[in-house]
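Here the structure comes first, spelled out in C-alpha cells, and everything after it is commentary.
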Ligand SMILES: Cc1cc2nc3c(=O)[nH]c(=O)nc-3n(C[C@H](O)[C@H](O)[C@H](O)COP(=O)(O)OP(=O)(O)OC[C@H]3O[C@@H](n4cnc5c(N)ncnc54)[C@H](O)[C@@H]3O)c2cc1C
Ligand code: FES
Ligand code: FES
C-alpha cells in the first residue's frame with residue numbers, strides 16, 4: 001500500500017492505496033467524486049479529464065500515487081454546491097451542449113483548460129482542433145463547439161476560474 | 001494491471017540505483033505509454049520508478065548552436081516554448097501534433113524516445129537533425145540509439161537526461177495522422193542543415209524511423225519540391241495494415257516530403 005496526500009477541489013485529502021490505483025479510480029471510488037467518468041479506459045475518449053496542477057489530463061492514464069503532493073480539480077470543483085454554475089457549465093446547459101451527458105464532465109474540464117491556455121475569443125476551428133482527445137457519441141459536436149465558444153466569453157466576466 | 005511497488009527518487013543517481021537494486025523495474029515519466037501497456041497486462045514490472053519528480057530535467061535552452069531539451073520536458077512545453085518557436089519552429093510544430101492536448105500535458109520527449117514507437121513523431125526530428133541523446137552514462141547518436149521496433153541502445157539502468165538538437169537552416173515536419181490513434185500513419189521530416197539535407201520518415205518503416213537518401217541527394221542539389229518530381233520510395237518493406245497498404249504509405253512519403261520542403265521554404 002502507499003500513503004498519498006493531495007489537494008482535491010481545494011481540500012486536502014489522504015489515502016492509503018494500492019499503487020496501481022488510477023487517479024480516476026481514487027477520485028470515484030475512494031472520494032466518491034463520481035462526476036469524472038470512465039468512457040474508454042484506453043486514453044482515447046477524454047471522459048476522465050481532470051486538471052492536475054491546473055492542466056487537463058486523462059485521469060484514466062495517471063496513477064494516483066503519481067499525483068501525491070499535487071493538486072487536482074474535478075468537475076465538482078468548478079462551482080460550489082448550491083451556488084450558480086461555472087460559466088462553462090452554464091453555457092453547456094444554455095446551448096444544449098449535451099444529450100446523454102456522459103462525455104460532458106471531460107468536455108467541460110477540457111474546455112476550461114483551453115480557455116486558460118488560449119483565451120476567451122475562440123474560433124470554431126481552434127475549438128474543434130482542441131477537442132481532438134474528447135469523444136461524444138450523441139451530439140455530433142456542433143452544440144459542444146457553440147457552448148465552448150459562449151462559455152469562453154462568459155468566463156471573461158466571471159470570478160470562477 | 002498487475003501489482004507493483006512505487007518509488008519516487010529525487011535524483012538521476014537515486015533512480016539508477018533503484019533500478020540496479022530492483023531487477024525488472026521500469027522507469028515512468030509521463031506514463032502515457034507505460035500505463036496503457038500495464039493496463040493491458042502487456043507489461044508487469046514489479047517496481048515502478050517515477051522519474052517525473054526529479055528536478056532540473058525539464059529545461060529548454062539554447063547552448064551554442066544547439067537546442068537542448070530536458071528528458072522530462074512535456075510535449076506541450078516544447079510546443080509552446082518561445083525558445084523552440086524561435087530557434088526550431090519545426091520541432092514546436094511537431095510537438096503540437098502529438099496526440100491531443102491532455103496527452104501533451106503528460107507525455108515527455110525522453111519517454112517518447114526511450115519507447116521508440118515506429119509511429120512516434122520525435123524520432124523523425126532526432127534522426128533528421130543528428131541530435132545527441134544524452135544519458136546518465138554516455139552520449140548517443142541517433143544511428144546508434146534507434147535499433148528497430150520499440151528497441152533502443154538504452155541499458156536497463158540508463159536514463160535519458162536530455163536531447164541536444166543542432167539547429168537547422170530550414171526544416172518542416174508534415175504528418176498524416178492515423179485518424180483513430182492520432183499517431184503518424186506517415187510523417188516526413190525535412191531538414192536543410194548547414195552541410196547537407198536530411199529526409200526522415202516515421203510511421204511507415206517496419207523497423208521504425210529511416211532516411212530516404214534518394215530524396216536527400218535530389219534536395220541537396222536543389223531545395224525545392226520540384227527536385228522530388230518523379231522520385232518514389234519502394235513499397236517493399238513498408239508497413240501494411242488495415243490503416244493503409246505499403247503502396248499507400250510509399251505514395252504518402254513522396255507527397256508529404258514535397259509538402260515539407262514547401263513548408264520549410266515558406267518559413268522566411
Ligand atoms: C491517446 C494517445 C495518443 C498519442 N499520440 C501520439 C502521437 O500522435 N505521436 C507520438 O509520438 N506519441 C503519441 N503518444 C505517445 C505519447 O507521446 C507518450 O507520452 C510518449 O510516447 C511516451 O512518453 P511518456 O513520458 O509518457 O513515457 P512513459 O510512458 O512514462 O514511458 C515510456 C517508456 O520509456 C521509458 N522512459 C521514460 N522516460 C525515460 C527516460 N528519461 N530515460 C529512459 N527511459 C525512459 C519508460 O521506462 C517506458 O519504458 C500518444 C499517447 C496516447 C495515450
Ligand atoms: S476514460 Fe480516460 S480517456 Fe477515455
Ligand atoms: S452527450 Fe452523450 S456522449 Fe456526449
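FYI, it's all coordinate maths here, none of it is from the lab. What you see is a predicted model; the values in this text were computed from it and never measured. Glycine gets a Cβ as well: all are built from the backbone with ideal geometry, and neighbour counts include every protein chain shown.
Across peptide B:102-112, how many C-beta atoms of other chains are within 10 Å of each residue C-beta, on average?
If you average over the peptide's residues, the count of other-chain Cβ atoms is 5.
What number, in percent, do you get for the relative contact order of the stretch A:44-142 if the mean sequence gap of Cα pairs under 8 Å and at least 6 apart is divided by its residue count?
RCO, the stretch A:44-142: 39 percent.
On a 0 to 90° scale, report how tilted helix A:104-118 is relative to the longest principal axis of chain A, with both axes built from alpha carbons and the result rounded to the nearest 10.
Once rounded, the angle reads 70 degrees.
So what's the angle, to the nearest 10 degrees on a 0 to 90 scale, between helix B:246-266 and the longest Cα principal axis of chain B?
Taking Cα atoms only, the helix is inclined about 80 degrees.
Two-decimal Rg/Rh of the stretch A:55-111 from alpha-carbon positions, Kirkwood Rh?
1.02
Count the DSSP beta bridges whose two residues both fall in the protein assembly as shown, then state the antiparallel fraction as a percent rounded to the nearest 5.
In the protein assembly as shown, DSSP labels about 85 percent of beta bridges as antiparallel.
Can you put B:104, A:28 in order, fewest other beta carbons within 10 Å first?
Ascending number of Cβ neighbours within 10 Å: A:28, B:104.
Considering every pair of different Cα atoms, what Kirkwood radius, in Å, is found for the protein assembly as shown?
Result for the protein assembly as shown, one decimal place: 22.6 Å.
Quick one: P(r) of the stretch B:108-240 from all Cα-Cα pairs, 5 Å bins, percents rounded to integers, in order of increasing distance.
Per 5 Å bin, starting at zero, the Cα-Cα P(r) for the stretch B:108-240 comes out as 2, 11, 20, 22, 20, 14, 8, 2, 1, 0 percent.
When a footprinting reagent is the concern and you count Cβ atoms within 10 Å, what order do B:152, B:232 take, fewest first?
Ordered from fewest to most neighbouring Cβ atoms within 10 Å, B:152, B:232 come out as B:232, B:152.
Among DSSP beta bridges whose residues both lie in the stretch B:28-141, state the antiparallel percentage, nearest 5.
90
Just the projected area, averaged over all directions, of the convex hull on the alpha carbon atoms of the stretch B:18-110: how many nm²?
Mean orientational projected area (the stretch B:18-110, Cα hull): 7.0 nm².
Average partner chain C-beta neighbours within 10 Å, per residue of A:13-25?
2
Decide, for the stretch A:1-151, between rounded, prolate and oblate: order the square roots of the alpha carbon gyration tensor eigenvalues as a ≥ b ≥ c, take rounded if a/c falls under 1.5, and otherwise choose prolate if a/b is larger than b/c, else oblate.
In terms of gyration-tensor shape, prolate.
Using only the alpha-carbon atoms, how far is helix A:142-155 inclined from the longest principal axis of chain A? Give it as 0 to 90 degrees, nearest 10.
80
What value does the stretch B:63-185 have for Rg/Rh, both radii from Cα atoms and Rh as Kirkwood defines it?
Value, to two decimals: 0.93.
Report, as an integer, the average count of C-beta atoms from other chains found within 10 Å of each Cβ along A:63-75.
Rounded to a whole number, the mean comes out at 3.
Can you check how the C-alpha radius of gyration of chain B compares to 2.2 N^0.38 Å, as a plain ratio?
1.00
Quickly estimate the mean residue ellipticity at 222 nm for chain A, helices only: each DSSP H run with n ≥ 4 gives -39500 (n - 2.57), and the total goes over all residues, rounded to 500.
Taking each H run of at least 4 residues, the total per residue is -8500 deg cm²/dmol.
Just to check, using Stokes-Einstein with a Kirkwood Rh over alpha carbon pairs, what's the diffusion coefficient of the stretch A:2-76 at 4 °C and 1.567 mPa s in µm²/s?
109
Over the C-alpha atoms of the stretch A:87-155, what are the Rg and the largest Cα-to-Cα span, Dmax, in Å?
10.3, 28
Using a ≥ b ≥ c from the Cα gyration tensor of the stretch B:5-48 (square roots of the eigenvalues), is it rounded, prolate or oblate, where a/c under 1.5 gives rounded and otherwise the larger of a/b and b/c decides, a/b for prolate?
Since a/c reaches 1.5 but b/c is at least a/b, the shape of the stretch B:5-48 is classed as oblate.
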